[in-house]
Amino acid sequence: MRQGDPISPFLFVAVMEALYCLIVKAGEVGVFSGIQLPYDGSRLSHLFFADDVLIIGDWDENNALNIVRILRCFHACSSLKINLGKSNLYGIGVDYAEVGVVANVVGCIPDSLPFKYLGLKMGANMNRINNWRPVFDIFESRLALWKSAVLSFGGRVTLICSVLESLPTYYFSIYKAPVKVVSNLESFSGAVRARLENPLGGLG
């Protein structure tokens, strides 16, 4: 089967269902422990995103080693091998030196919060304005590629709608933006809109 074949997403989901069953079974027999969500919530042990997997559990060296053993079993059954050399280990509320020790045992890379995952900052205080800087950087980098002088009026409207109005949506769907961030983005959008509406203006 070639890459991009329409059936490949279905096969991926079917195969990842096997990994899901392995992790759930490990939790049932007590060889792997996820984290208990508050207010009598469910126990969280993993999140699957397309070709990315986030495994969450109590901080314990045996917990980490057992999940590696589960991944090896999954590899033996599916021929899909997890590259531990490109995997990261994070410990929330754990000393970085201890994270490094367990990472060396497991064979992955130790890291610390905050970190970027799926384009979002994880573990950062998003009430701080400077942590929203990536959104402004995306605005500026995208708009720098466009020249309003060579666009029709319809093209300029499309630029405003598709770039300025859509880029922050991903961040806004996860985090509550401070009022200052929203006002700064609106000011930036207003300034760019004014320049785009001027046929003789440019974006640099």
(request) Could you name the aspartates and glutamates whose alpha carbon sits less than 12 Å from that of K180, not counting residues in the same chain fewer than 8 places away? (result) none
(message) Please enumerate, by chain and number, the aspartates and glutamates with C-alpha under 16 Å from the C-alpha of K25, excluding those fewer than 8 residues away in the same chain.
(response) E17
(request) Calculate the spin-label point distance for Y117 paired with S173, positioning each point 7 Å from the Cα along the beta-carbon direction, and give it in nanometres. (result) 1.7
(request) Give me the distance in nm between label points sitting 7 Å out from Cα along the Cα-to-Cβ direction at F10 and K86, one decimal. (result) 2.7
(message) Taking the alpha-carbon distance from K176 and a cut-off under 22 Å, which lysines remain once sequence neighbours fewer than 8 residues away in the same chain are dropped?
(response) K116, K121
(message) Once ligands and nucleic acids are excluded and a 1.4 Å probe is used, how much of V24 is accessible, expressed in Å² to the nearest 10?
(response) 50
(message) Please compute the modelled spin-label separation between N125 and S187, points set 7 Å along Cα→Cβ, answer in nm with one decimal.
(response) 2.2
(message) For segment 1-68, which chymotrypsin sites (Phe, Trp or Tyr not before Pro) pass both filters: DSSP loop (anything but H, G, I, E, B) and at most 13 other C-beta atoms within 10 Å?
(response) Y39
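The values are calculated or read from the model by the stated rules, or taken from the named source; none is laboratory data. Here the structure is a predicted model, which is why all the values come from computation and not from measurement. Every residue, glycine as well, gets a Cβ built from its backbone with ideal geometry; the counts of neighbours run over all protein chains shown. Heads up: the accessible areas ignore ligands, DNA and RNA and are worked out on the full protein's heavy atoms, side chains in. Shrake-Rupley method; radii C 1.70, N 1.55, O 1.52, S 1.80 Å.
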